1. For region 27-60, how many residues meet the condition of being modelled with pLDDT of 90 or more and within 12 Å of residue 86 (Cβ to Cβ)?
2. Could you please give the count of residues in region 74-102 that are crowded, with 17+ Cβ neighbours inside 10 Å, of a type outside the set (Gly, Ala, Ser) and either within 19 Å of residue 2 (Cα to Cα) or at pLDDT 80 or above (or both)?
3. In region 55-91, how many are under 13 Å from residue 43 (Cβ atoms) and hydrophobic (A, V, I, L, M, F, W, C)?
4. Can you tell me which residue among 15, 27 is surrounded by fewer than 15 Cβ atoms within 10 Å (Cβ to Cβ) and either touching a helix residue (DSSP H, G or I) at 6+ places or on another chain (Cβ under 8 Å) or of a type in the set (A, V, I, L, M) (or both)?
5. Just the residues that are β-branched (Val, Ile, Thr), assigned to a helix (DSSP H, G or I) and farther than 19 Å from residue 16 by Cβ, please, taken from region 53-94.
Amino acid sequence: MKIDVGVTGLKTSAAFRRRVVRRLRFALGRFGARIEHVTVRLSNAANTLGGVDKRCRMKARLKLLDSVTIETINERTAVDRAITRLGERVKRALLDGKVGGD
């Protein structure tokens, strides 16, 4: 399973990127042979109340099935929530043999 982490408009450290990859491998490791590629994109998102939030979009390309895409927006927990939700959606997609968009 290949994991690509991209960041636009944010300052992140190499340690943060390694943490994202490590958490994804932990969350998706049991499905590793059936996942071709995971793409993570982190960016700023305009907040309707005037602030700036973090947007995290993850896409897992599954073998023999469509892709699973998750997007979360939150100041601090966007990445953690996205990893948890992606793990749940991949599990459901592989068990059901179906994939739906989010």
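1. Final tally of qualifying residues: 10.
2. The qualifying residues number 7.
3. 6
4. The match here is 15.
5. 90
The rows are residues; the columns are (1) touching a Lys or Arg at 6+ places or on another chain (Cβ under 6 Å); (2) among the aromatic types (Phe, Trp, Tyr); (3) farther than 18 Å from residue 77 by Cβ.
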| position | (1), (2), (3) |
| --- | --- |
| 3 | no, no, yes |
| 10 | no, no, no |
| 14 | no, no, yes |
| 36 | yes, no, yes |
| 44 | no, no, no |
| 54 | no, no, no |
| 61 | no, no, yes |
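The values are calculated or read from the model by the stated rules, or taken from the named source; none is laboratory data. Please read all numbers here as calculations on a predicted model, not as lab measurements. Cβ sites come from the backbone with ideal geometry, for glycine too, and all protein chains shown count toward neighbours.
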